[in-house]
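Below is one structure, written out as structure tokens, with a few remarks after it.
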Amino acid sequence: MTTTQRRRPELAAFLRSRRARVTPADVGMPPGLRRRTPGLRREEVAQLSGVGVTWYTWLEQGRPINASPQVLDAVARTLRLDRPEREHLYHLAEVPYDGGGEGLPQRVGQDVQDVIDALDPRPAAVYNSRYDVLATNAAYGDLFRIPRTPDIGAANALWTLFTVPEEVCPVVHRDRELPVMVATLRSAYGRHVGEPAWEDFIRKLSAASAYFAELWASGEVIPPGPRVKTFRHKAVGELGMTSLSLSLDGMPECRIVAYTPENEEAREKVALLRARRQRLWPSSDEAAVEGVRMWDTENPAP
């Protein structure tokens, strides 16, 4: 059975269940007599959504028909779907989900920031599935800084790693690690095919980096997972770090990535970097301002 064949029954069941929970009163309709159907009738959903009764019936029956984003939006409004339900509807109907330009979170709350701050001296950051950097702790800044890129309007780890000169790239085994990151990106891309923000990002990074364009064309796909990575830093040399990804409730497609020193030598180097930061900038506010200056002049890599 193909993916489409598996999704159609799920789509049918999902629409029936959502229709059953919406009452006529919810949408300003009189209940009427002899109503044996829980919730709205199919013809009522069709009427309120501005689509044909036969078309909606076929959609709910899981028949192989095409649905546009505009029509799915109308059905979603009638069925009073929230954001996760609307996204689920799009995926089952195999229609790219835009989310009104807000498909991925771009900021974290103070509670999440407090969690990654508490991981210090372990470097930690919050990424979304496109590798936008949403938050970091001070220890992460000791290792590298991801600058905001005007071309895409965000701080993005992939963009930085692919566009800095290879000799200052903080990832030591670049030809081994970057293909893994691109394959992880493609794994997430499957949920966003056709979305303007994603297509624009892929197009611009492909134009900015021939190496990214080559890896993207390979079509490799893998999910995120723990890895041992080797980083380089001008002040302390190479550090072996194990990365661990933790998902975040309420923030779809976002994860905390924490880095743990692989051995005692790496732990000592992380401690040296922390002491260096505290010596140069005793207060956290001063470090936040001056740290940017340090990375711009001393370590242009992320």
Is there a residue in the range 116-123 that is assigned to a helix (DSSP H, G or I), open to solvent by 30 Å² or more (accessible area, probe 1.4 Å) and closer than 28 Å to residue 272 by Cα?
yes
Within the set of pairs 6 or more residues apart or between chains, which connect a residue that is more than 19 Å from residue 25 (Cβ to Cβ) inside the range 39-52 to a residue that is of a type in the set (D, E, K, R) with Cβ atoms less than 6 Å apart?
none
The correct count of residues that are of a type in the set (S, T, N, Q), surrounded by 14 or more Cβ atoms within 10 Å (Cβ to Cβ) and free of Cβ contacts under 8 Å to residues at least 40 places away in the same chain in the range 215-258 is 3
Would you check which residues across the range 19-41 are assigned to a helix (DSSP H, G or I) and open to solvent by 50 Å² or more (accessible area, probe 1.4 Å) and list them?
25, 26
Show the residue pairs meeting these rules: Cβ distance below 8 Å; 6+ apart or different chains; first residue within the range 184-204 and in contact (Cβ under 8 Å) with a residue 24 or more places away in the chain; second residue in a helix (DSSP H, G or I) and of a type outside the set (Val, Ile, Thr).
185/158; 186/216; 191/91; 192/198; 195/99; 196/101; 197/101; 198/189
Could you please let me know if residue 151 is on the phi < 0 side of the Ramachandran plot, open to solvent by 20 Å² or more (accessible area, probe 1.4 Å) and not in a loop (DSSP other than H, G, I, E, B)?
no
Give the range 154-199 a look and list any residue that's polar (S, T, N, Q), over 16 Å from residue 220 (Cα atoms) and in a helix (DSSP H, G or I), or say none.
160, 163
Do you know which residues across the range 172-183 are touching a residue at least 40 places away in the same chain (Cβ under 8 Å) and open to solvent by 10 Å² or more (accessible area, probe 1.4 Å)?
172, 173, 179, 180, 181
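The values are calculated or read from the model by the stated rules, or taken from the named source; none is laboratory data. Keep in mind it's a predicted model, so treat the numbers as computed, not measured. All Cβ positions, glycine included, derive from the backbone under ideal geometry; neighbour counts span all protein chains shown. For accessibility, only protein heavy atoms count, side chains too; no ligands or nucleic acids. Shrake-Rupley method; radii C 1.70, N 1.55, O 1.52, S 1.80 Å.
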